[in-house]
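A short write-up of the structure that comes next.
The values are calculated or read from the model by the stated rules, or taken from the named source; none is laboratory data. For clarity, every value in this text was computed on a predicted model and none was experimentally measured. Note that each Cβ is placed from the backbone with ideal geometry, even for glycine, and that neighbours are counted across all protein chains shown.
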Amino acid sequence: MCEGCGCQHQESLYMPKTATLVRTNPLTDKDRFFEFKLDGQDLGHKPGQFAEISIPGIGEAPISVSSSPTKKGSFEMVIRKVGKVTSAIHDLKPGDAVGVRGPFGTHFPMDELKGKDLLFIGGGIGLVPMRSAINYAFDNRKNYGAITILFGCVDPSQRLFVDELKQWGALQGITFMETVDRCKEGEWKGNVGVITTLFPKVKNAVNPKTAAAIVVGPPIMYKFVILELRSMGFKEADVIVSLERRMKCGVGKCGHCQIDGVYVCQDGPVFTLESISHLVEAL
Amino acid sequence: MELLQISKKGLLDFVGTLVAGPLDIIGVVQKDGRFAYDKLDDARSLRLDFDEALYSPKQFLFPPKEALLSYAPKDPASSEPVYSEKPQAIIGIHPGDLAAIAMLDKAFTKVNIDAHYCARREKTILVGIYPTKPGAYRFTSSMIKPQEPYLAADAFLVDLGNDSYAVEIVTDRGKEFFSTSTATAAEADAKAKAERMKTAVKDTVALSVKRDDLPSFLDGKEHHPVWEARAAKCFSCGSCVTVCPTCYCFDVLDELDLSFEYGLRFRTWDACVLDPFAVCAGGHNFRKKPADRIRHRLYRKQKFLLEKLGLAGCVGCGRCKKACVPDIAFPPDIDNDLLGKGA
């Protein structure tokens, strides 16, 4: 018992565990796939959570976990090269070490979603955390009803997990559709337009009374997608979003990730639309 | 609560002994005509009759730059936590600043206990003093309840005006701390006198809204024109946050020694009113407009932390009013604006 403030002492919240890079490969011109392994243990995450990845001397960054917890022995991330920490991570070679803190935050409520149809709507690198839930649902297929996946990105060069997308499209009982915002002539045979242009194609196949929508994408995407979901008849409790913010410490202290008074690193990043509808800074 | 009494000379001698001992003794001193907390080298420089110190003593519990980890570069397995080892006592803290420490205690230890904060807090004795002079813009009694400073204090001094202080012993640590002083059991009339003196110096400013009504008062005012009007004059300089006794947002950064053999991970004070505070990887700024940042600061002071921790993120010290060049940061003025009373 602390004599100062009466708290129970704990180890430092900021101490990382050590993980080793198992393999890495490029997905786009700025996004790389990474598989990390912790010494003798799993990360212990749930779909939709994130971890703080660090390189001592460079810094630390919050990164979504992309693999399903059903995959044991290692965990996967996709990291976009946008700053000095992510650039240094891009330079790592298999066998190199990183610091890991976490997992942190809320997760997609896969247990509560049992028995429901699932409508996944992913934009750009929003697919990265969503893939954790998609693969979890695939690995527990009998627990869920119809699964529909909509994925959109800026142009064909920005598509992630291209081989996996092909597999998803071929799976029985899964509806998978893709779009790109724009493309060069002859570069893309699929749908062209923002992600909401896919909605008319699935509207009749998705029943808002039996489905939950899981939406992850850039800030601009939420407003338009949520309008569409509302017009389809989705209740706010059945719309689940994952919101990006600057989750610097991951433990609800540093203040950077706040939406109004809510710390996204603790009470998010996964929220139901119902739980954030009163927050002016959410969407 | 045990009440002792000590002469002013007795306290000066006691502080003199402490300064020569193993503890760092922190107190208010006068520097260039202003009052500021500093480590004491000489007990005679301690001032207990200050109106308001430039900064609160927060910096001695949550330093502007604090090492969290040490490591060898690129070797996470070499990481070791860094904790403060230095015991200290802070003598002469106004009730508002003590309530601010009580709030920091909750922020750092209510959930996810921050061992770095606790390492300092556990080794720090806190001795309060009731103000003997009004602050230029103090409105503490509008923002804190009388018992809240006692959540943090180990002992409290009250100037009895007769060349002696009443010493309220709040914790066992406070009792032990004063055990080596010449303080003795208080005289018969000291208790009543101390209670009178505690409220003798009145606040200079009063808030127009009751503290516990502030969260609901602010509901629905997120888009009020007051935020844009004040933002038009805001430099986004962060002065209001820097002087605030409750603000505890921080950034985390790594620094390598020039030898490249070891490095430290630090946390440094940060401020929600600064432009890049909510910028994410890729450059999207989730609080781009100064008006939104000003609103966030005020809501944090008067609503979010009160709802989250049960103690307000503002203790009515008035420092932000003094620090703000365009004078747009003072919570009582903003509340009056929101009430349509004019600042």
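Check the range A:34-48 and report whether any residue there is of a type in the set (D, E, K, R), under 28 Å from A:Arg159 (Cα atoms) and exposed (fewer than 15 other Cβ atoms within 10 Å of the Cβ). No, because not a single residue in the range A:34-48 is of a type in the set (D, E, K, R), under 28 Å from A:Arg159 (Cα atoms) and exposed (fewer than 15 other Cβ atoms within 10 Å of the Cβ).
Residues that are more than 24 Å from the chain's Cα centre (by Cα) and either within 9 Å of chain A (Cβ to nearest Cβ) or in a loop (DSSP other than H, G, I, E, B) (or both) do occur in the range B:231-238, at least one of them.
Quick one: would you say A:Ile53 is under 14 Å from the mean Cα position of the chain (by Cα), over 29 Å from A:Thr197 (Cα atoms), part of a strand (DSSP E or B) and within 12 Å of chain B (Cβ to nearest Cβ)? So A:Ile53 does not fit the description; no.
Within the range B:93-105, residues that are not assigned by TED's automatic domain parsing to the domain that holds B:Lys145 have Cβ atoms under 7 Å from residues that are surrounded by fewer than 24 Cβ atoms within 10 Å (Cβ to Cβ) and of a type outside the set (Lys, Arg) in no pair, counting only partners at least 6 apart in sequence or on another chain. Screening B:Ala153, B:Ala185, B:Ala166 for residues that are surrounded by fewer than 15 Cβ atoms within 10 Å (Cβ to Cβ), closer than 28 Å to B:Val15 by Cβ and modelled with pLDDT of 95 or more leaves exactly one candidate, B:Ala185. Taken over the range A:263-283, the criterion of being free of Cβ contacts under 8 Å to residues at least 40 places away in the same chain and in contact with a Gly (Cβ under 7 Å, 6 or more places away or on another chain) is satisfied by A:Tyr263 alone.
Matching residues to (1) assigned by TED's automatic domain parsing to the domain that holds A:Ala213; (2) surrounded by fewer than 20 Cβ atoms within 10 Å (Cβ to Cβ); (3) within 26 Å of A:Val225 (Cα to Cα):
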{"site": "A:Gly83", "(1), (2), (3)": "no, yes, no"}
{"site": "A:Asp96", "(1), (2), (3)": "no, yes, no"}
{"site": "A:Gly122", "(1), (2), (3)": "yes, no, yes"}
{"site": "A:Ile134", "(1), (2), (3)": "yes, no, yes"}
{"site": "A:Asp139", "(1), (2), (3)": "yes, yes, no"}
{"site": "A:Cys153", "(1), (2), (3)": "yes, no, yes"}
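Is it fair to say A:Gly126 is assigned to a helix (DSSP H, G or I) and surrounded by 16 or more Cβ atoms within 10 Å (Cβ to Cβ)? Yes; evaluated as a whole, the condition is true for this residue. At least 2 residues being of a type in the set (Lys, Arg) and within 12 Å of chain A (Cβ to nearest Cβ) is the threshold, and among the strands (runs of 3 or more DSSP E) wholly inside the range B:93-169 not one reaches it. Among residues belonging to the range B:244-263 that are within 10 Å of chain A (Cβ to nearest Cβ) and in contact with a helix residue (DSSP H, G or I) (Cβ under 7 Å, 6 or more places away or on another chain), point out the one that is surrounded by the most Cβ atoms within 10 Å (Cβ to Cβ). That would be B:Cys247. Taken over the range A:33-50, the criterion of being more than 17 Å from A:Arg23 (Cα to Cα) and not in a loop (DSSP other than H, G, I, E, B) is satisfied by A:Gln41, A:Phe50. Checking each residue in the range B:299-318 for being in contact (Cβ under 8 Å) with a residue 60 or more places away in the chain, under 17 Å from the mean Cα position of the chain (by Cα) and under 21 Å from B:Ala107 (Cα atoms) picks out B:Gln302, B:Leu305, B:Leu306, B:Leu309, B:Gly310, B:Leu311, B:Ala312, B:Gly313, B:Cys314, B:Val315, B:Gly316, B:Cys317.
Tallying residues that are more than 7 Å from chain B (Cβ to nearest Cβ) and modelled with pLDDT under 95 within the range A:1-18 yields 2. Just to verify a result, which residue in the range B:64-84, among those that are in contact with a helix residue (DSSP H, G or I) (Cβ under 8 Å, 6 or more places away or on another chain) and not aromatic (Phe, Trp, Tyr), is farthest from A:Cys249 (Cα to Cα)? In this case the residue turns out to be B:Ser84. In the set (1) out of contact with any Lys or Arg (no Cβ under 8 Å at 6 or more places or on another chain); (2) at pLDDT 95 or above; (3) not aromatic (Phe, Trp, Tyr), A:Gly40 fails one condition alone, (2). Within the range B:36-52, the residues that satisfy the criterion of being in a loop (DSSP other than H, G, I, E, B) and either more than 26 Å from B:Ala200 (Cβ to Cβ) or not assigned by TED's automatic domain parsing to the domain that holds B:Ala89 (or both) are B:Leu40, B:Asp41, B:Asp42.
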